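Only one structure is covered here, and it is reproduced in the block below.
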Amino acid sequence: MTEAVLGVLMTEYLAMREVLLRFLAARLGDAAAADDIYQELFVRLKSGVLPADLTNPRGYLFRMAYNLANEFARARRRRDARDAHWTETTTHKVGTDTIADATAADEALASKERLTVVMKALDSLPAKSREVFVMCRVQGLSHRDIAEVMGISTKTVEKHMTAALKHLTLFLRSTEGERH
Amino acid sequence: MSIPATTAGETERLQTAAAWHARLETGADAWEAFTLWLEADPRNRTAFDAVDAAAREAVDLLSVNRELTVLAPPPAARRFSTRAFLGIGGIAAAVLLTIVARPDIFQPDEHEIVATVAGERRDVTLSDGSTVHLNTNTQVAVTMSRGTRNVRLEKGEALFEVARDPARPFHVAAGDRDVRVVGTAFNVLRHDGRITVTVERGIVDVTSDGARTNVRLGAGDQYAAREGTRAYQVAKIDPTIAAAWRDGRAVFIDATLSEVASDLSRYYGRPIVVRDADVAAMRFSGILKIEDQLTTVKRLEALLPIVVAENGDEVRLEREAPPSK
């Protein structure tokens, strides 16, 4: 069963090379990174747990590529933020070496402050948007289940979800400065 | 709060990015359209990155601080349970109760009590199509009315597969906890003053008697509480473990032998006891097939330094005699 699924996915993987690379390059704005992730996809397919039954192999591969690209983009973002932060405020140069002044305690404090900001962002969400966000992203419910629990349409669930995401993004962006 | 750094055009872009994120995360298959949107303007990608990073930060925080995911109870109008109304109190509750109770005058409730004896397992299909699997030594009282479906777990353990019916919430009461369900499969255990709720799929809300807030559980969540207290813990577990009894197996993960003895006792007429404190504190992880009492309990002898002794009243787990010199 799983053997057959792997075969289908491998065939699809090779056939979709162009379209996946294009998608990844658009998602990351970086052709080299797109290549890397296309390779990584192969590794994950070979070593990962595959679904027993697959109705949409194309969508499955897109989804895997999407998740890997998001992980990559998040790591890149964190790295950039940290680099900017460190070179600005917590390092000094000795000859050609960059020496970090930050202590572990400083870092712990910074991440604690950040948590407070994220908590504020969540607290400032309208109740329904927050509820939808928690159910969908933390508890992994489908929009259909959420619609049923809340007694609203899936369209409205999607609206609440979009509003929650927009709000969180704006809130966290506007407090980005508090990291430093 | 003011967001001076973001222009109107940028806000629009973020809105679209957020909408894409919302759609894609719930399984939408629109990858070509998404690619085209990203390609249309490099700033779209940056906006999407920002949305994804914000969502991730929020999810990370909520995942490690589970108490933050506890939500206020939904407004009374959405709840049909008399239990919920009583919690709100006052005149409004009384009025609503009359309205809710009225249909029952015209359509009598169906009452049913189903029970198993020690060692017995049984599956029951309810009139709404839901299935209740009863484990050993279990008793449930079922009341089906027009507005709600209520099951009281008097004792023991049951696994529920609830048929979807948004108009009629499904409640399971166990001791002083109420579990509200939409359409889902989950396991409830009431034993030794403890209540454990494990969700296999879907979601349920657990409320303590008199509490104003509920605890929402999703797939893989296990809620554990002691009756008579408000405190509870929620942990992530493999839900198939909690349902293993349906295949006649008991699964233990790093359980003490006193917990193992207490849990296994549910299956038999004779209690399994541990008197020696050192033996009681031994840890056991493993899967035991539930067969006749001595066969099952003696499996532990092979795995731990203990011996099984018995008389007509009880089965004892004792320390293995030291090897003679």
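The values are calculated or read from the model by the stated rules, or taken from the named source; none is laboratory data. What you see is a predicted model, and the numbers here were worked out from it, not measured in a lab. Neighbour counts are summed over all protein chains in view; Cβ atoms, including those assigned to glycine, are modelled from backbone coordinates with ideal geometry.
Identify all residues within the stretch A:1-43 that are among the charged types (D, E, K, R), more than 20 Å from the chain's Cα centre (by Cα) and within 14 Å of another protein chain (Cβ to nearest Cβ); write none if there are none.
Narrowing the stretch A:1-43 to residues among the charged types (D, E, K, R): A:3, A:12, A:17-18, A:22, A:27, A:30, A:35-36, A:40.
Going one step further and asking which of them are more than 20 Å from the chain's Cα centre (by Cα), we end up with A:3, A:12, A:17-18.
Hits for the stretch A:1-43 are A:E12, A:E18.
Looking at A:A34, A:A81, just one residue is assigned to a helix (DSSP H, G or I) and modelled with pLDDT of 90 or more, and that residue is A:A34. Taking the stretch A:39-50 as the range and being farther than 18 Å from A:L24 by Cβ and surrounded by 12 or more Cβ atoms within 10 Å (Cβ to Cβ) as the test, only A:L50 passes.
Within the stretch A:110-141, the set of residues being farther than 16 Å from A:K155 by Cα, of a type in the set (S, T, Y) and either in a helix (DSSP H, G or I) or more than 9 Å from every other protein chain (Cβ to nearest Cβ) (or both) comprises A:S111, A:T116. Screening the stretch B:9-49 for residues that are surrounded by 16 or more Cβ atoms within 10 Å (Cβ to Cβ) and basic (K, R) and picking the one that is farthest from A:Y60 (Cα to Cα) gives B:R13.
Of all residues in the stretch B:183-202, which are facing another protein chain (nearest Cβ under 10 Å) and either surrounded by fewer than 20 Cβ atoms within 10 Å (Cβ to Cβ) or not in a loop (DSSP other than H, G, I, E, B) (or both)?
To start, the set of residues in the stretch B:183-202 that are facing another protein chain (nearest Cβ under 10 Å) comprises B:183-184, B:199, B:201-202.
B:G183, B:V199, B:R201, listed by residue number.
Listed here are the residues, each with its yes/no results for (1) more than 26 Å from B:A54 (Cβ to Cβ); (2) buried (at least 16 other Cβ atoms within 10 Å of the Cβ).
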{"position": "A:G7", "(1), (2)": "yes, no"}
{"position": "A:E12", "(1), (2)": "yes, yes"}
{"position": "A:I37", "(1), (2)": "no, yes"}
{"position": "A:F62", "(1), (2)": "no, yes"}
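For the stretch B:233-249, the set of residues classified as in contact with a Lys or Arg (Cβ under 9 Å, 6 or more places away or on another chain), modelled with pLDDT under 85 and buried (at least 17 other Cβ atoms within 10 Å of the Cβ) consists of B:P239, B:W245, listed by residue number.
Residues that are of a type in the set (A, V, I, L, M, F, W, C), assigned to a strand (DSSP E or B) and free of Cβ contacts under 8 Å to residues at least 24 places away in the same chain within the stretch B:218-242 comprise just one, B:A235.
When the stretch B:250-259 is limited to residues that are surrounded by 14 or more Cβ atoms within 10 Å (Cβ to Cβ) and outside any helix (DSSP H, G or I), the one that is modelled with the highest pLDDT turns out to be B:T256.
Quick one: in the stretch B:110-127, which of the residues that are in a loop (DSSP other than H, G, I, E, B) and surrounded by fewer than 15 Cβ atoms within 10 Å (Cβ to Cβ) is modelled with the lowest pLDDT? Even if it seems obvious, please write down each step before you answer.
Residues of the stretch B:110-127 in a loop (DSSP other than H, G, I, E, B): B:116-121, B:126-127.
So of that shortlist, the ones also surrounded by fewer than 15 Cβ atoms within 10 Å (Cβ to Cβ) come out as B:117, B:120, B:127.
Numbers: B:V117: 86, B:E120: 86, B:S127: 83.
Ranking the qualifying residues of the stretch B:110-127, first place goes to B:S127.
Can you find even one residue in the stretch A:131-139 that is at pLDDT below 90 and surrounded by fewer than 18 Cβ atoms within 10 Å (Cβ to Cβ)? No, the stretch A:131-139 contains no residue that is at pLDDT below 90 and surrounded by fewer than 18 Cβ atoms within 10 Å (Cβ to Cβ). Scanning the stretch B:251-267 for residues that are in contact with a Ser or Thr (Cβ under 8 Å, 6 or more places away or on another chain) and closer than 20 Å to B:L153 by Cα returns B:L264, B:R266, B:Y267.
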